[in-house]
1. LEU227 - would you say it is open to solvent by 20 Å² or more (accessible area, probe 1.4 Å) and of a type in the set (A, V, I, L, M, F, W, C)?
2. TYR390: in contact with a helix residue (DSSP H, G or I) (Cβ under 9 Å, 6 or more places away or on another chain), modelled with pLDDT under 90 and either of a type in the set (Ser, Thr, Tyr) or open to solvent by 60 Å² or more (accessible area, probe 1.4 Å) (or both), yes or no?
3. Tally time: how many residues in region 548-573 are outside any loop (DSSP other than H, G, I, E, B) and either under 40 Å from the mean Cα position of the chain (by Cα) or among the hydroxyl-bearing types (Ser, Thr, Tyr) (or both)?
4. So which residues in region 14-59 are part of a helix (DSSP H, G or I), more than 28 Å from the chain's Cα centre (by Cα) and at pLDDT below 85, if there are any at all?
5. Considering only residues of region 234-261 that are touching a residue at least 24 places away in the same chain (Cβ under 8 Å) and under 15 Å from PRO451 (Cβ atoms), which is most open to solvent (accessible area, probe 1.4 Å)?
6. Out of the residues in region 432-473 that are surrounded by fewer than 20 Cβ atoms within 10 Å (Cβ to Cβ), modelled with pLDDT of 90 or more and within 25 Å of the chain's Cα centre (by Cα), state the one that is nearest to VAL281 (Cα to Cα).
7. Going residue by residue through region 594-606, is there one that turns out to be open to solvent by less than 20 Å² (accessible area, probe 1.4 Å), at pLDDT below 90 and part of a helix (DSSP H, G or I)?
8. Specify which of the listed residues (ASP615, ASP659, ASP584) is open to solvent by 70 Å² or more (accessible area, probe 1.4 Å) and in a helix (DSSP H, G or I).
Amino acid sequence: MLSDTFKPTLKDYELIKKLRNFDDYEAVEAFIAQAKLLIREVGIVGKPANFLCALPTQNMNIQFVNKIILKLDFSNKSPRFSYLLSDDIHLTKDYKHTSRTALEKFDNGIQPILRVFEIDEFDFEQDVKEVWLHTAKLAYQSYDTGIREYKFNDELYRLIIDEVYKKDVFSFAKHNYSMLIEKNNPPIAPNQILFGPPGTGKTYQTINKSIRIVNPAFDLSQNRHILKMEFDRLLSVRQIGFCTFHQNTGYEDFLEGIKPETRDNKVIYEVKDGIFKQMCVEATYQIYKLHKKKHTQAKKQPPIIDFDTLWLSFVRSLTTKHIFKTKTNTKLEWVWTNDRTNLIVKPQGGLKEYMVSKKRMEAIYDGFKTIDEIRNVTNDINSVIGGTNYSAYWAVFNDLKTFEKTLIAQMKEIESEDTDTENELAYQDKKNLIADFDLQEVSRDILEKAPRYVLVIDEINRGNVAQVFGELITLIEPSKRAGKEEALEVILPYSRERFAVPLNLHIICTMNTADRSVEALDTALRRRFVFEEMMPLPALLESIDVEGIDLAQLLTTINERLELLLDKDHAIGHSYFLHIQNLDDLKNVFKQSILPLLQEYFLGDAGKVNLILGDAFVAKQTRKTSFAKNNSFDQYLQKDLLKREIFHFTDSAGWQASDFQAIYA
């Protein structure tokens, strides 16, 4: 149940979206409980400079500068906790119990201990808590300030310390989020055109519609400034693209074309992708990522490490403090590694040195899969390598296998980590990845789940639409998009690349119906778009009070007269009046916007404007004018011309509130 005061902000929505993606509130609750324990026991007050709550793509972290003290990792199938137990060793455990055994090495402050935690036997309170908190206190005291890898996430911090906020966020994420998606996201046509007279909010509405498509959980009832911030954010991450058509817009600008470029004082010509093709690449790449992730998880195999790589990584990890233990617990010190990467060891406190050769160790590695297969150290190792020093080889092999497990776990973590690679990859890299990707092989659930993209085309009918779109007229049709049964693709004329339009790309256009200078839309293109008429809404002006002037009635009357003299496409939109606060504002709007627009509508015929607004705004000229004396022009026609009425616009300084009221009186 949401509290009455909870109204999610833009940052709250980002946190809620994370929780929805993690989809394991029980694990998050456990993280919050342990984070609270950490903050209390370590003695953290407020937000000191060395304390950091971080929220990377797939993790929740508590850090001291860049040292991760507590982490909840969602990059694997099961959420996984990680605890810092010494300066550089973390213990990790699956939150949801699986058959996986966690073999971890940690330092309890006295000596290194190797413990095997069977999942069913693992107990945080007994096995980890004391050592973890002790290590955390030491780490907190040793870190002052430094360059942070991540920014402090205030919402995560508040989630930890504010119980009411946590309940609201969890409730919204679990229930209201889905309801908001259903409310904001009824079936949306992939191709839309908003059409109507100027000033009716067509471009304004593209922001709302774009956000609704790309981020359906976003609350569109929020302040306009917040909506614009979200729109700008989506523009910055390239989920929304924006362009305006004009008379010079061509196919080469929109899809692809050959463009000149100067390099080393030489002009070269290259094929450059236009904004529509770029948006298609971005949208297709998202489908590719989801498809690859699903395919990889289904066929995932343990990482394969060749012995040379393993051995080199192992010997490089050794330090002067490293101690090997034989099966009888005799301690061997690592002394040095020679240029052939053979290890030199000696008994702790002793003088005699022994060599553990890489070649022989490789034979042992190939001969035994696990350390447990070596039951009799002397006989079993002798059967593989001969020679002597069997105990030393057993001790090194034991640590090597432990190191191998750690290395494989790290490789799995790197492979499974789902970071925002689309922001890290260059456009050309994405394009190369999807070059041979067949969208027809993608399952329906992935196509529906893929993030949505939107291209906004403002003033679509100001360009030569048929020429700009070219073969796209066919490809943008919903039934012809990639992934549909009747999908089509073409070979582009310049790049000779295969090209199809993905299902997750929406096109939203605006069209000014009053502009006579624009091209009529191609009939074939009209058939592929859903049209939404945007007409003036005088009701939006009812709450605006300007010295007794009824702006709603004023606009209604003007538009009724315009429809009578012209047609409904030549109307005046409500947006011209939305920000009027006083009479001076209204005068400026009429002088700078309404009168010039009416002149354009009536091709300069001020007499027609007089029929719309009245004598207070357009007055008849009273001065007498005569023609030059002449004998060539028809005298009777001259007399008729002299009788012609001439109108002029009055000075706005003299306009009164009553003059505006008289328009609709």
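1. Details: open to solvent by 20 Å² or more (accessible area, probe 1.4 Å): no; of a type in the set (A, V, I, L, M, F, W, C): yes.
No: the conditions fail for LEU227.
2. yes
3. Going residue by residue through region 548-573, those that are outside any loop (DSSP other than H, G, I, E, B) are 549, 551-565.
Next, from what is left, pick out any that are either under 40 Å from the mean Cα position of the chain (by Cα) or among the hydroxyl-bearing types (Ser, Thr, Tyr) (or both): 556-557.
Qualifying residue count for the region: 2.
4. Within region 14-59, none qualify.
5. Applying the filter and picking the extreme gives ARG238.
6. Going through the qualifying residues, I end up with PRO451.
7. For region 594-606, residues open to solvent by less than 20 Å² (accessible area, probe 1.4 Å), at pLDDT below 90 and part of a helix (DSSP H, G or I): present.
8. Selected residue: ASP584, the only one of ASP615, ASP659, ASP584 that is open to solvent by 70 Å² or more (accessible area, probe 1.4 Å) and in a helix (DSSP H, G or I).
The values are calculated or read from the model by the stated rules, or taken from the named source; none is laboratory data. Not measured: the values here are computed from a predicted model. Cβ: placed from backbone, ideal geometry, glycine included. Neighbour counts: every protein chain shown. The area values use the complete protein model at the heavy-atom level, side chains included, leaving out ligands, DNA and RNA. Shrake-Rupley method; radii C 1.70, N 1.55, O 1.52, S 1.80 Å.
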